[in-house]
Amino acid sequence: MTSLRSKFLSLIALPAILLGSAACTPLTDVGADAGAGAGGGAGTGTATAQEAAAGSAAEQLETLPIKGRAPKTGYDRDQFGPSWADVDHNGCDTRNDILARDLTNVVYKDGTKECVVASGTFADPYTGTTISFVRGNETSTAVQIDHIVALSDAWQKGAQQLSAEERRQFANDPLNLMAADGPANGAKSDSDAATWLPSNKAFRCEYVARQIAVKAEYRLWMTQAEHDASASVLASCPDQPVPSDGPAESVSLDTAPGTGAVPAVPESQPVYANCAAVKAAGAAPIRAGDAGWDPKFDGDGDGEGCTS
């Protein structure tokens, strides 16, 4: 049965998952978009902003700095904290939170306190197809969790200057996360809008708007080609709103992103360094949803850790 948590998350689920507005269809195909982004002039974005409504993604685009891509030197996934941390301290890791938000007909793994998503139906916004998700070693990758602004891209466009805690928030921010078709997510890799857009044209306006909102939230910049490609998409939907389902709505933080402050951990929440500490405390085996749970304890992804 769907939990109150997943019902809440569903309220902030991505719009246009099932249906896209024809008004959001860009003027060019994927291949043409990359070329337009690389060779287009800055005037494209200016014209879009003049027609845009106040508070629109097109207007917000014009507030982002335009700079060259910085070197990738020093980039490592660990720079953004552990994968799928439980940033809101609800006992569930971020991957399962996003699956619960973006899938329908969700069934949870027994014994995980409605935390680990075992199966569900996923309407993929990137491809416009429907996927039957089943958790398992050979099936889970069919639905992956995409960073809409890739971590590597962020690193090369300002994230090196963020604090470690801000980068951790960035990597787990629901505004920057959505479930996605596995092969499509792999094809995207760390591309920006100048080199990759969803094949489902009806979702491109929402996709670009989210990239812009994330970069504005975390003080990141765009390259000229990326800016122009984003402006080209938004030219067909100048009133596309700025999405707002970020940490303030779905992740409990003591401070807003950008301050560098570390969210407080409830005093009643134990923190275990490793499975030895879990066993010493008599808490093994530890399961998703238990106090002190951390995904690092779950090597095989079955929702139960420190079993051996």
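The values are calculated or read from the model by the stated rules, or taken from the named source; none is laboratory data. These numbers were taken from a predicted model, which means no experiment stands behind them. Cβ coordinates were reconstructed from backbone atoms using ideal geometry, including for glycine residues, and neighbour counts include every protein chain displayed. To get the accessible areas, we keep the full protein, side chains included, count just its heavy atoms, and leave off ligands, DNA and RNA. Shrake-Rupley method; radii C 1.70, N 1.55, O 1.52, S 1.80 Å.
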Please verify whether Pro198 is at pLDDT below 95, under 23 Å from Ser56 (Cα atoms) and buried (at least 21 other Cβ atoms within 10 Å of the Cβ), treating the condition exactly as stated. no
Only one of (1) open to solvent by less than 60 Å² (accessible area, probe 1.4 Å); (2) touching a Phe, Trp or Tyr at 6+ places or on another chain (Cβ under 8 Å); (3) at pLDDT 95 or above does not apply to Cys115, and that is (3)
Cβ contacts < 7 Å: first residue farther than 30 Å from Gly292 by Cβ, restricted to region 112-134; second residue at pLDDT below 95, any location; separation 6+ or different chain. Result? Ala123/Ile17; Ala123/Leu18; Pro125/Leu14; Pro125/Ala16; Pro125/Ile17
Residues satisfying the stated conditions in region 66-81, i.e. of a type in the set (A, V, I, L, M, F, W, C) and touching a Ser or Thr at 6+ places or on another chain (Cβ under 9 Å): Ile66
